[in-house]
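Chemist: The structure's right below; bear with me while I get my questions together.
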Amino acid sequence: MSTLALPRRSEIIRAHQAHGGRIAAVLPIHYPRALLRAFDILPVEVWGPPRIDPSPGAAHLQPYVCSLVRNALAFLLAGELDVADVVIVPHTCDSLQGFASILVDFIQPKQPVLPIYLPRGNRPSDLEFLANEFRALYRALAAITHCTPADAELLASNAREEHADDLLAELHRRRNELAMTQLELYRLIRSREYLPAEMFIEIVGATLHGYSAQGDHPGSPRQNVPIILSGIVPEPMVIFDALAEMRAVVIADDLASCGRRLYPRGTSADPFVRMAERILNAPPDSTRGGAIPERLEHLARLVATTNAKGIVFYDVKFCEPELFYLPTLRQGLQARHIPSTVIEFDLNDAFSQQARTRVEAFIEMLG
Amino acid sequence: MTDIRALGIDVGSTTVKIVGVDAAGNLAWHLLEPAEPRVEDQVTRLLDIADREKSSDAKIPLVATGYGRGLVLQATRRVTEITCHARGVYRELRHGGTLVDIGGQDSKVIAIDPQGDVLDFAMNDKCAAGTGRFIENTARRMHVPLEQMGPVALATTAEVLISSTCTVFAESEVISLVAHGAAVEAILRGLHRSLIKRIVAMIRTVGLVSPLMLSGGVAQNPAIRKMLEEETGAPVILPQHPQLMGAYGAALMGL
Ligand code: SF4
C-alpha cells in the first residue's frame, strides 16, 4: 500500500471520538502511550505544529523560547486543541516546563493539564521515580475518566504498543528495502505520533510485507551519499525531497521524534515499571539527560553499522537541550573522524536557500 | 575568439561572474557584472556573449554555482559555492590551507586538504555583520566610496571599538560615534576589526591550517587582508582574481 494514503489526524480523532474514546494532546517527547490507551485515550502529539501564525504564543513567551513551544501555545490559544480532553506535558526541557506552568497558572485551558516529570538518568532510583510518575498519571486519568483499568489491561495495552514499536524498529532497519521515497518513509514513521497502535501495526505490517524485495529503488544507499539525520523533528518534511535531489539518503536517524523513540520491550511484570523501563532504555537523548560519551558512542555505532558518511544536526533554534551539548559532541565526533554539520531552523521557516546550500556543500564534501 | 572548453557561472547576491577555461584548466576568459534583478535574462545574455567568444561551435558544459545557481536553467550541473571556491583556489594556488571567502551576503571558511578536497567548512549566512554587506552599508552611510574603505581604515593607527554585533545596530553606533566627533578613519578601522573578529571566530571552529587564503569580492579590501594577518598571525595569500574563484572552480568542474 502507498503510505501517501495514510489517514489524516483529523479523521483518526473523529473516528476515535465516534466510538466514545477520549483524546489527549501530548507535547514532545516521551510519555507512556500504553497508559493512555488503557483509559481509551488516544494520544495525538503536538510537534508545534509548523507553519502557523505564532504571534499569539509569542506574546506569552520570552523571545529565546523555541518555535515548537511558541507554536504549540499559539495553536492552543487559537482553539485548535479544543478537541482534546486532556493536555499532557512531559518535562522535556525548561521551555516545555514553562509552557505547562503558563497553562496551569495563567491560561487555564478548558482541559486538565497533566505534567510528567522525567528523570535525567537511568539508575534504579530513576526507574522507581518514573514508575511513580506513571502511577500518579494513572490516578489523575482515573479521576478524569472514572475508569480504573486493572494491571492485566495495562499489560495488554503495553503489549500492543510494544508490538507497534517492534514494527517501527523494523521499519527503521529495513528502510533500504522499501520501494518508497524518504519523504514517504518518514511520513509513515511519524504516523506513530497519532495513529492508534493497532492501526499502525496493520499499516506498517502490510508495508513491510509488501516491499520485501531487494533491489535498486529511490532510497537505495548504493546510489546516494548515506547520512545520519539528528535533531528534534524533521520539519519542514520537504527536507527529505531536498536531500534526495542532492543524492543523499538518511540511512538512520537520531531524531528525538523518530529514532530516539525506538523503545525496546520492557521486562517487568509491573505495568508501570515496564512502561518506565521502555523509556529509560531507549537510545540516549539529550532531553533525558543522556551523557555526551553515551550519545557519542551511540552515534559512532550508528555510523559504523550503517556506513553513514556524516551526520547532519538539524536543530530547532533555541533548543537548549540539543544546542548546549552540540559543540562538545561534535568535537568528539571530529576526534573519531566523523564529519558533521549543524543547521538550525524555526518551525515556521521554509527550507531556506541558505540551509540547502549548507547541506548540499556537506553532501558534496562527503561524496 | 578564445579556446573555451567549459564555462562556470557564479550567480551571487551582488555580482554575477562567468568564467571560461581552456582544455588545460587555465582561466581563459571572464566577465563580471553587478547582479540584475532578472537573473534569468542576465544569465542568458552572458551566455550569448560567451557563445560568441568561444572559438568552436561545439556545445560545452556549463556549471552553475552561487546563491542563484538554481535559476541558471541552462546549467548542465549545479554545485555549491563552497566546493567551487575550494576547487578554484586550489587549482590556482596549488596547495591546501584555510580559505576565507567573504561575499556580499554570506561568508565562509573552508578547510582544504593537501589534495584539494574540502575537509570542513563553516558558514555565516544568517547575519550580515560578518559579510561584505556590513562594509557596504557603512560605506554608504559614511559617504566613503566602497573601494576606499580599506585604504581609509589603514590610514590611521587609532581605532574605535565597535561593540554592536549586528549590522543595523552597528550603523546607529557609527552615526553616534560620528556625532561625538570620532575620526572617520578610526571608526572604519574599528568596523573592519569587528568584521574580522567574526571571521576569526569562524576560522577557530574549523581550525586554522596555514596558509590563510582569501577569495570573494571583499578580498580586494587591503584592510581585511592586513587585519586577518594581525588577528591570526598567519600569512594571507590571495589568488589573482579572488572574485572569480567560485566561477572558475565551477568551470573546472565542467571539464
Ligand atoms: S525543540 Fe528543544 S527546547 Fe523546544 S520543546 Fe523541544 S526539546 Fe524543548
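Computed from the coordinates by the stated procedures, all read-outs in this text should not be read as laboratory data. All values reported here derive from a predicted model rather than from experimental measurement. Here the Cβ positions follow ideal geometry from the backbone for every residue, glycine too, while neighbour counts run over all protein chains shown.
Chemist: Is there a simple number for the mean count of other chain Cβ atoms within 10 Å of the Cβ of residues in A:353-366, and what is it?
Modeler: Counting other chains' Cβ atoms within 10 Å and averaging over A:353-366 gives 6.
Chemist: Distance between Cα centroids, region B:205-223 to region B:23-81: provide it in whole Å.
Modeler: 25 Å
Chemist: Ok, one more. Stretched out fully, how many nm does the piece from B:VAL209 to B:THR157 gain, at 0.36 nm a residue minus the Cα gap?
Modeler: Gain on extension, B:VAL209 to B:THR157, equals 15.9 nm.
Chemist: What is the distance in Å between the Cα centroid of region A:48-74 and that of region A:253-326?
Modeler: Value for the Cα centre distance between the two parts: 25 Å.
Chemist: Sticking with this one: From the C-alpha gyration tensor of chain A, pull out the three semi-axes of the equivalent ellipsoid (sqrt of 5λ each), sorted largest to smallest, in whole Å.
Modeler: Semi-axis lengths for chain A are 31, 24, 21 Å.
Chemist: Could I ask something else about it? Could you name the aspartates and glutamates whose alpha carbon sits less than 15 Å from that of A:LYS317, not counting residues in the same chain fewer than 8 places away?
Modeler: The qualifying aspartates and glutamates are A:ASP94, A:GLU235, A:GLU344, A:ASP346, A:ASP349, B:ASP125.
Chemist: Give me B:ARG141, B:ARG193 ranked fewest to most by other Cβ atoms within 10 Å of their Cβ, as a rough exposure proxy.
Modeler: Listing B:ARG141, B:ARG193 from fewest to most nearby Cβ atoms yields B:ARG141, B:ARG193.
Chemist: Using amide H atoms built 1.01 Å from N in the peptide plane, name the residues 5+ places from A:SER340, or on other chains, whose amide H lies under 5 Å from its own.
Modeler: A:ILE311
Chemist: Relative to the Cα centre, what is the charge dipole magnitude of region A:9-150, using +1 at the beta carbon of each Lys and Arg, -1 at the beta carbon of each Asp and Glu, and rounding to the nearest 20 debye?
Modeler: 200 debye
Chemist: Please build a GNM for chain A, connecting alpha carbons under 10 Å apart, and tell me which residue among A:ASP270, A:ASP241, A:ASP105 fluctuates the most.
Modeler: It is A:ASP105.
Chemist: Using a 10 angstrom cutoff on alpha carbons, build the Gaussian network for chain B and name the most mobile of B:ALA86, B:ALA111, B:ALA58.
Modeler: Fluctuation is largest for B:ALA58.
Chemist: Using R₀ = 35 Å, calculate the FRET efficiency as 1/(1 + (r/R₀)^6) where r is the Cβ-Cβ separation of A:GLN62 and B:ILE49; round to 0.05.
Modeler: 0.05
Chemist: I would also like to ask the following. Determine the calculated [θ] at 222 nm for chain B from helices alone, applying -39500 (n - 2.57) to every DSSP H run no shorter than 4 residues and normalising by the residue count; nearest 500 deg cm²/dmol.
Modeler: -12500 deg cm²/dmol
Chemist: Rounded to the nearest 0.05, what FRET efficiency do A:ASP53 and B:MET1 have when you use their Cβ-Cβ distance and R0 = 60 Å?
Modeler: 0.55
Chemist: Another question about this same structure. Would you mind computing, in nm to one decimal, how far apart the modelled labels at A:ALA291 and B:ALA182 are, each placed 7 Å from Cα along Cα→Cβ?
Modeler: 4.8 nm
Chemist: Taking neighbour Cβ counts within 10 Å as the exposure measure, how do B:LYS108, B:LYS59, B:LYS54 sort from fewest upward?
Modeler: The most exposed by this proxy come first: B:LYS59, B:LYS54, B:LYS108.
Chemist: Under 5 Å between amide hydrogens, which residues at least 5 positions from A:ILE23 or on another chain qualify, with H placed 1.01 Å from N in the peptide plane?
Modeler: A:LEU42, A:ASP85, A:VAL86
Chemist: Right, another one. Can you tell me what share of the DSSP beta bridges in the protein assembly as shown is antiparallel? A percent to the nearest 5 is fine.
Modeler: Approximately 35 percent, going by the DSSP bridge assignments.
Chemist: Place a label point 7 angstrom from the Cα of A:ALA159 along the Cα-to-Cβ direction, then list the residues of region A:257-281 whose backbone nitrogen is under 11 Å away.
Modeler: none
Chemist: Here's something else I'd like to know. Which value, in debye to the nearest 20, describes the size of the charge dipole of the protein assembly as shown about its Cα centre when Lys and Arg Cβ atoms bear +1, Asp and Glu Cβ atoms bear -1, and nothing else is charged?
Modeler: Roughly 420 debye, rounded to the nearest 20.
Chemist: Still on this structure: Which semi-axis lengths, in whole Å and largest first, follow from the square roots of five times the eigenvalues of the Cα gyration tensor of region B:1-138?
Modeler: Ellipsoid semi-axes (Å, largest first): 26, 20, 12.
Chemist: Can I ask one more? Measure up B:LYS108/B:LYS226; B:LYS17/B:LYS59; B:LYS17/B:LYS108; A:LYS309/B:LYS226 against 27 Å on the Cα-Cα distance and list the ones that go over.
Modeler: Violating the 27 Å limit, Cα to Cα: A:LYS309/B:LYS226.
Chemist: Most mobile of B:VAL43, B:VAL144, B:VAL79 per a Gaussian network model of chain B (Cα springs, under 10 Å)?
Modeler: Comparing B:VAL43, B:VAL144, B:VAL79 in a Gaussian network model of chain B, the most mobile one is B:VAL144.
Chemist: Give me Rg/Rg_expected for region B:63-102, where Rg uses Cα atoms only and Rg_expected = 2.2 N^0.38 Å with N residues.
Modeler: 1.30
Chemist: Fewest Cβ neighbours within 10 Å first, please rank B:HIS95, B:HIS241 accordingly.
Modeler: Listing B:HIS95, B:HIS241 from fewest to most nearby Cβ atoms yields B:HIS95, B:HIS241.
Chemist: Stokes-Einstein D for region A:9-150 at 4 °C, 1.567 mPa s, Kirkwood Rh over Cα pairs, in µm²/s?
Modeler: Reported coefficient: 82 µm²/s.
Chemist: Between A:SER268 and A:ARG173, what length in nm is gained on full extension when 0.36 nm per residue of separation is reduced by their alpha carbon distance?
Modeler: 31.6 nm
Chemist: Also, quick follow-up: Apply 1/(1 + (r/R0)^6) to the Cβ-Cβ distance of A:ALA152 and A:ASN281, taking R0 = 25 Å, and write down the FRET efficiency to the nearest 0.05.
Modeler: 0.60
Chemist: Kindly rank A:54-63, A:339-348 from highest to lowest mean number of other beta carbons found within 10 Å of each residue.
Modeler: By packing density, highest mean first, the sequence is A:339-348, A:54-63.
Chemist: Now for a separate question. So what J values fall out for region B:200-208 if you push phi through Karplus, 6.51 cos²θ - 1.76 cosθ + 1.60 with θ = phi - 60°, rounded to Hz, Gly and Pro as x?
Modeler: Per-residue couplings from phi come out as 5, 4, 5, 4, 5, 5, 8, x, 7 Hz.
Chemist: Using the Cα centre of the protein assembly as shown as origin and beta-carbon charges of +1 (Lys, Arg) and -1 (Asp, Glu), tell me which of A:MET365, A:ALA169, A:LEU81 is placed farthest towards the positive end of the dipole.
Modeler: Result: A:MET365.
Chemist: For B:76-83, what's the mean count of beta carbons from other chains sitting within 10 Å of each residue's beta carbon?
Modeler: 4
Chemist: In deg cm²/dmol, rounded to 500, what helix-only [θ] at 222 nm does chain A give when every DSSP H run of at least 4 residues adds -39500 (n - 2.57) and the total is split over its residues?
Modeler: -14500 deg cm²/dmol
Chemist: Kindly identify the protein assembly as shown as rounded, prolate or oblate by the Cα gyration tensor criterion: order the square roots of the eigenvalues as a ≥ b ≥ c, call it rounded if a/c is under 1.5, otherwise compare a/b with b/c, prolate if a/b is larger, else oblate.
Modeler: Prolate.
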